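To start, the structure itself, in structure tokens.
What follows draws every value from the coordinates through simple rules; no lab data is involved. Here the structure is a predicted model, which is why all the values come from computation and not from measurement. Note that we place each Cβ from the backbone using ideal geometry, even for glycine, and neighbour counts take in every protein chain shown.
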Amino acid sequence: MKALYRLAPLFALACTLALSTRARAELLIYDLSFSNLSTTVNYAFAQDGFLVVDPVAGTFSSVIVLVDPNTALLFSTTSLLSGTYTTMFSEGNGNEYAVLASSSAAGSGADNLAFQVVGELSSGVPISQRRVADVARTLRGVLFASAAESSSINATTSNSTTSNSTTANSTFTFGFAGQSRVRAELDRGFTRDANGSGLDSAGALAIATTVLENRGVLPQASPSPSPAATATPAPTP
């Protein structure tokens, strides 16, 4: 995702410069992009967004842009992806890799969800005005998500002095299933400014959400990746 914004006005940057020192990363901000893989069913899901990684805490959070399949409008959500961050060494080449993973569907609007991206660490990456760290510049992986279709009937009875009537409202929700290729690129400017301003994950996520809203992306309480439910009134005597 190519960010069409200037982040400097959003941050209060540090005024004092010092010599760079090698350190563990504070926050890492990644630009996210998604592309669908193979056969999908009713799968209009994630388009792009941001990952906010806290390597010290070993966690990540995100704000994701979703495409509404009924209106093609763009919505943002912070409840879709969050999980763990860890690093590990390769037995084959001895290089160190970052791994971000989530397998929780809670709050995602999906019955099943799995997310994983992996990237090799690069040394000496600037993460603030004073520090550099060993971090992954690029992460690649996949997102899988699915939910079963469902239907429900709600009956409403009304009484009057002349007649009684019952109206049954039938609601059907389409299921969905699909998978996306995921690519995450380290946003160096955003990362430096966030760390230079001493932001925590919540603060960085709030700025990322504001950036998306400035692009015209609408806020949304929870993801809605499948076609909207349909309600059909069926009056009966």
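For the reader, a short list of remarks on this structure follows.
- Subtracting the Cα-Cα distance of ARG181 and ALA72 from their residue separation scaled by 0.36 nm leaves 37.2 nm.
- Under 14 Å, Cβ to Cβ, from LEU37 - net charge with Lys/Arg +1 and Asp/Glu -1: +3
- Full extension of the chain between ARG140 and ASP111 yields a length gain of 8.1 nm, computed as 0.36 nm times the residue separation minus the alpha carbon distance.
- Linear extension gain, ASN93 paired with LEU37, 0.36 nm per residue minus alpha-carbon span: 17.2 nm
- The local environment of VAL65, defined by Cβ-Cβ distances under 13 Å, has a net charge of -3 under the rule Lys, Arg +1 and Asp, Glu -1.
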